[in-house]
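This report concerns only the one structure given below.
The values are calculated or read from the model by the stated rules, or taken from the named source; none is laboratory data. All of these numbers come straight from a predicted model, not from anything done at the bench. Using ideal geometry, Cβ is built from the backbone for each residue, glycine included, and neighbour counts are taken over all protein chains shown. These area figures cover heavy atoms from the full protein model, side chains too; ligands, DNA and RNA do not enter into them. Shrake-Rupley method; radii C 1.70, N 1.55, O 1.52, S 1.80 Å.
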Amino acid sequence: MASDDGGGPVGPRERGTPYRGLLVDWGGVMTGDVFDSFRGFCAHEGLEPDAVRRRFREDRSARELLIGLETGTLPEEEFERRFGAMLGVAAPHLIERIFAGQTIDEQMLAAVERARDQGVRTGLISNSWGTSRYDRPLLAKLFDGIVISGEVGIRKPALAIYELGAERIGLTPPQCVFVDDLPFNLKPAAELGMATVHHTSAAETVPQLERLLGVELGYRLPRP
């Protein structure tokens, strides 16, 4: 949203909002539904549709493997070997196979890019399944600051990772809006004073961001 005098993006005060920053999750926000990827993997491997999700929900040892992977304390190959054994599937390239069906949400990418173009500070806070699969040039195009759990040794929902996300875009938590697809990841952000958006689709999220940030993000319905 350019200023009336053509002098560039307007500030938050002129936009009538206290929020200057947008922090987003990656998987499930900037991509399609993570659990759809899990189900697609299960179908391809001949497993029950919710085998992966159920393991993480019901099996403490599987949950501990995931925590180790996301914080960078467990090497990817070790996670693949041990989690593959739990599922009864081959270990090589397990993470790539789990996320083979995941696609980028072009509407969300466009919204974040437009927000940044209009003076909103943008940042990523992502719980990572390894750190090598991120498109780094794309991240640099979208974000002023990046926090990837496996690189910093902290994972959501720890308060410190939200504080770090705000710090890396040069703001305080109460100046930020945080978007995540998992409700339990939103509660700590709200405790720090962030506005939060539970992402279910671009059609729902983008209008909320427009209201909170005071910018036009130009959501358009996908072509049939």
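The condition of being in contact (Cβ under 8 Å) with a residue 12 or more places away in the chain and more than 21 Å from the chain's Cα centre (by Cα) does not hold for SER128.
Given the structure, is ARG39 at pLDDT 95 or above, farther than 30 Å from VAL89 by Cβ and touching a Pro at 6+ places or on another chain (Cβ under 8 Å)? So ARG39 fails the test. Scanning segment 50-81 for residues that are surrounded by 15 or more Cβ atoms within 10 Å (Cβ to Cβ) and over 20 Å from SER37 (Cα atoms) turns up GLY68, THR71, GLY72, LEU74. The lone criterion from (1) open to solvent by 10 Å² or more (accessible area, probe 1.4 Å); (2) among the β-branched types (Val, Ile, Thr); (3) over 21 Å from THR17 (Cβ atoms) left unmet by THR196 is number (3). Across segment 159-202, the qualifying residues are those that are polar (S, T, N, Q) and closer than 16 Å to VAL29 by Cα, and the one among them that is nearest to the chain's Cα centre (by Cα) is ASN185. If you go through segment 34-51 and keep only what is of a type in the set (A, V, I, L, M, F, W, C) and farther than 20 Å from SER128 by Cβ, you end up with CYS42, ALA43, LEU47, ALA51. Considering only residues in segment 87-123 that are under 18 Å from ILE169 (Cα atoms) and open to solvent by 50 Å² or more (accessible area, probe 1.4 Å), the one that is farthest from the chain's Cα centre (by Cα) turns out to be ASP117.
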